[in-house]
Amino acid sequence: MSEHTDNGHHEETFLSKYVFSTDHKMIAMQYMFTGMIMAIIGGYFAYVFRMQLAHPGEIVPFFGTVGPGQYNALVTNHGTIMIFWVAMPVLIAAFGNFLIPLMIGCDDMVFPRINRLSYQIFLISAIVLIASFFVQGGGFSGAWTAYPPLSSQAKYSLTPLGSTLWITAVALEFVAFLLGGINFITTVMNSRAPGMKMFDIPIVIWMIVIASILFMLSVGPLIAGAVMLLFDQTVGTAFYDPTRGGDPILWQHLFWFFGHPEVYVVLLPAVGAVVEVICVFSRKKLFAYKIVLYTTFATGILSFFVWAHHQFIAGIDPRMANVFTVTTLLISVPIAEMCFVIIATLYGGSIRLKTPMLFALAFMAEFLIGGVTGIYLGASGSDIYLHDTYFVLAHFHYTFFPIAIIGVFTGIYYWYPKMFGRMMNEFLGKLHFWGTIISFNCIFIPLFFLGLAGQHRRIYNYNNFPDLSGEHLQDTRVFATRALLVLLLFQIPFIINFFMSMKFGKVAGKNPWKANTLEWVADSPAPHGNFEEMPEVYRGPYEYSVPGREDDHWPQNEPG
Amino acid sequence: MAHGKPIATTRSATGIPTGKLAVWWVIASEIVIFGGLLVSYLLLRVRYWDEWGEAAAHTNVWCGLINTIVLLTSSLFIVLAHHAAEHNDTKKAFRYIWYTIAGGAIFLCVKGWEWNNEISHGYTITANTFWSFYYVACGLHGLHVIGGMVIMGIISFQARAGKELHRVELIGIYWHFVDVVWIFLFPLMYLANQ
Amino acid sequence: MSDDHHVKRYIKIWLWLLGLFVLSLLAAIPGMLILTLVSAFAIALVKAGMVTAWFMHLNTEKRYIWYLFFSCLALMGLFYMAIFPDLGRMEGTNWVNTAPHGVAKAVGGHGDDADGDDVHGEDVHDGAGHATSEHTDESGADHDESDEDAAAHSDDAKAPSN
């Protein structure tokens, strides 16, 4: 091997090490901690508006009384934060940055300084978003989908500054992830370890790259759309104003053309992390690597042709609604395929139920519920009844919660030893797992019933709609809110575990899980430059329990 | 940073140099940004065929004509700069890059005069959705021109010092893309005016 | 010398581009709609192809870069086709959306810039009004509604604010 890294030859100040670092692992940590802080804010918002729904008009502890405008702003920004500032930065940016160079066996991203720039733009976008809560009129309150005219004209949204800051923050965030995505794709295409062929790349890396490509190709029209919306808000153009020669449906198409692939942008990395964990903890080769890959391509392509199922009642052409119903139902095929592959991988393996494995299995179970309820919404007929009810809300929380929370926890519990060099506590991990999963189901299963009972998802309180309130449903709302409180409380063991294990956890060593992929060749935590000697790759990533071998794993870099 | 490029940057599993590969992806992402904008424009253009055709008749074809020629010529200069850089003729590369920047500057001046003229005749960004699209699309394109000129300015000095010569090609690719966008903007905004 | 040969080829391509450009302008002179459009866009495509192939050197690049760009363009084409039924026209067999048509006609052509500015100023005022006092907000909302109605129902006349 001729390649050697130059680690540790230079002095590092606090600023150059933690704030202006170009090291991919430090940038990943920056993304992850920013994402965690934003998750706390988003969770707090959920707490406030759920309390308002359970106890309308009463004072919410740590907030005060919730006004109608505030309620809308809370709901809007809960959605925005959880998708754009939690799921995206943690799943794509944090895991992508951390894993890509380690798992493909190189020392850093191909453009370390662009990587740093991407984080800095992301940080600015987060600050702009937080600033928007404090301006006159309050934060943007036109829902995270920002349909005009509610979003484009201050006389409807009543948040003249909040909506402008909101769209600015979102646009900046897109720029950050475009830069990051180009970096990811280029790194994986060009900088793989010698010997690593296309089908030797771990699935999670494939997933992150495909997600980055999906993001890049779908976000373009929305960037143009965001500029148009910004001009509608500030200059007074009429791109989305039907009375002056524009069309609000245009925004809906531009938004959902991005918005639906976005679901798969965050889903795929989560599935990737789950696949890694499933293979390692059932000590078995991934069932049908290539099939997983091809179904991922199919998912990616199909995800561009389903967007209008969000608009069935927006007055779109009913013939197109037929087409989009078909494509929407079609896309469940590749996803189901992935579920079967994972089940087939589990079959006959020697399963170890460590915390990451529990989360990975829970991901499958919960996402399955999200997927199956999606069938009802994808069919344009039943969507007419269910649209904008709590059923929709419960459905997409059953997809996004597994992705953005359970998937993230899978990844964190699994790669924590590599990030910080120590193991997390198993007991606290399992406590956190059961508390999270049970309370999560207790929140959202009741909401399915509320939705089927016709409850509209954007009603602040029922004082003005006593006929709709349904006395007998109030208990269900209270139950869901209590379950949310339990869910939030059960994150405390995780936070304790996360920070205490950094100091007091068992020292992990290089390869605590006995996994094959290249990141476990590096020291834990990996130093600057990652590897002492750049690894070479001799085989695929999932050679577990190979017959005739004494060891039940066979690292990718081991010759022979 | 004190140390040089990471090993990652020097590898090339695809056979395409890393910088160039990234530029191709940048252009792919730009295609969909401009694509989204122009698709929106085209949809409404077809809907308001007569009204927008009448509005488009007020664009200044002569300005568009001059700008097209200027941009095509600047594209020639940057490709010649790339050619010179490939043969390590740093002086010539530097000169051609600055010819290209001058082309961009002329483009912006003509554009500025044109906009000034149009705005003073009442065709502002809020006059009608055609004009909104006109200003947003040309403005977005203009921002790309400005960005390209700034980057070219930086690269020209690196090239003169004989450093990072491959970057001349990268900025060239980007500049040609900006040119191609204009090639489509011109018929869309100026020529289709009836 | 291959050196000169390259430069000569670049200049030749450039001359072709200029020639094609002039041709597209000439085709617009007779004022025939079809001729103008077809020639303008066909020539634009050819020119774009020449620039990408020869100046960006895509003809010597790996094939899949072409495929990447074509799939981006195809994606945009499909996007256009999928939303054309919603946005590309205003008349259906069972419905006619008259409101925007009338206003667009009225606003188009004589570029009245006061229009947009007026509405915008009103927006900000209303928004701020709501934040500070309930009362202003309500009257503001009423005012807006009547404005909206007028705009929606009067096909020929413009909204009163103009």
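Evaluate segment A:296-360: find the radius of gyration of its Cα atoms, find its Kirkwood radius, and give the ratio Rg to Rh. Numbers along the way, then the final one.
Values: Rg = 17.3 Å, Rh = 14.3 Å.
Answer for segment A:296-360: 1.21.
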Dimensionless Rg over Rh [chain B; C-alpha; Kirkwood] | 1.05
Carbon plus sulfur fraction of accessible area for chain A, probe 1.4 Å, in percent = 69 percent
Treating cross-link reach as a plain straight distance, find the lysines whose alpha-carbon is under 17 Å from the alpha-carbon of C:Lys62, omitting any fewer than eight places away in the same chain.
-> B:Lys20
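Rounded to the nearest 0.05, what FRET efficiency do B:Asn117 and A:Ala314 have when you use their Cβ-Cβ distance and R0 = 41 Å?
Numbers: r = 40 Å, r/R0 = 0.98.
The pair B:Asn117/A:Ala314 has a calculated efficiency of 0.55.
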When all protein chains stay in place, what accessible area (Å², nearest 10, 1.4 Å probe) is found for A:Thr345?
-> 0 Å²
Evaluated over the protein assembly as shown, the Cα radius of gyration and Dmax, each in Å = 28.6, 90
At 4 °C and 1.567 mPa s, what whole-number value in µm²/s does Stokes-Einstein give for the translational diffusion of segment A:33-76, with Rh from the Kirkwood sum over Cα pairs?
-> 121 µm²/s
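Using Cα pairs closer than 8 Å and at least 6 residues apart in sequence, work out the relative contact order for chain A, in percent. Numbers along the way, then the final one.
Working: 913 pairs, mean separation 96.3, N = 560.
Relative contact order for chain A comes out at 17 percent.
Filter the cross-link list A:Lys17/A:Lys430; A:Lys290/A:Lys354; A:Lys284/A:Lys514 down to pairs whose alpha-carbon distance in this structure exceeds 22 Å. Write down the numbers at each step before the final one.
On the way: A:Lys17/A:Lys430 34 Å; A:Lys290/A:Lys354 27 Å; A:Lys284/A:Lys514 12 Å.
Exceeds cut-off: A:Lys17/A:Lys430; A:Lys290/A:Lys354.
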Mean projected area in nm² (Cα convex hull; one quarter of hull surface) for segment A:452-504 = 5.1 nm²
Computed over chain B, protein heavy atoms only, probe 1.4 angstrom, the accessible area per residue in square angstrom equals 34 Å²
Compactness of segment A:397-510 as Cα Rg over 2.2 N^0.38 Å, two decimals = 1.41
Relative to the longest principal Cα axis of chain A, at what angle does helix A:68-80 sit, 0 to 90 degrees, rounded to 10?
-> 30 degrees
So the angle from the long Cα axis of helix A:426-452 to the longest Cα principal axis of chain A, reported in degrees to the nearest 10, equals 30 degrees
Please determine, in degrees from 0 to 90 and to the nearest 10, the orientation of helix A:112-131 with respect to the longest principal axis defined by the Cα atoms of chain A, where the helix direction is its Cα long axis.
-> 30 degrees
Quote the accessible area belonging to B:Leu44 in square angstrom, nearest 10, computed with a 1.4 Å probe and with ligands, DNA and RNA left uncounted.
-> 0 Å²
Tally Lys/Arg at +1 and Asp/Glu at -1 over every other residue whose Cβ is under 11 Å from the Cβ of A:Phe122; what's the total?
-> 0
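The values are calculated or read from the model by the stated rules, or taken from the named source; none is laboratory data. Model, not experiment: these values are computed from the prediction. Cβ coordinates were reconstructed from backbone atoms using ideal geometry, including for glycine residues, and neighbour counts include every protein chain displayed. Surface areas here come from the heavy atoms of the whole protein model, side chains and all, with no ligands, DNA or RNA. Shrake-Rupley method; radii C 1.70, N 1.55, O 1.52, S 1.80 Å.
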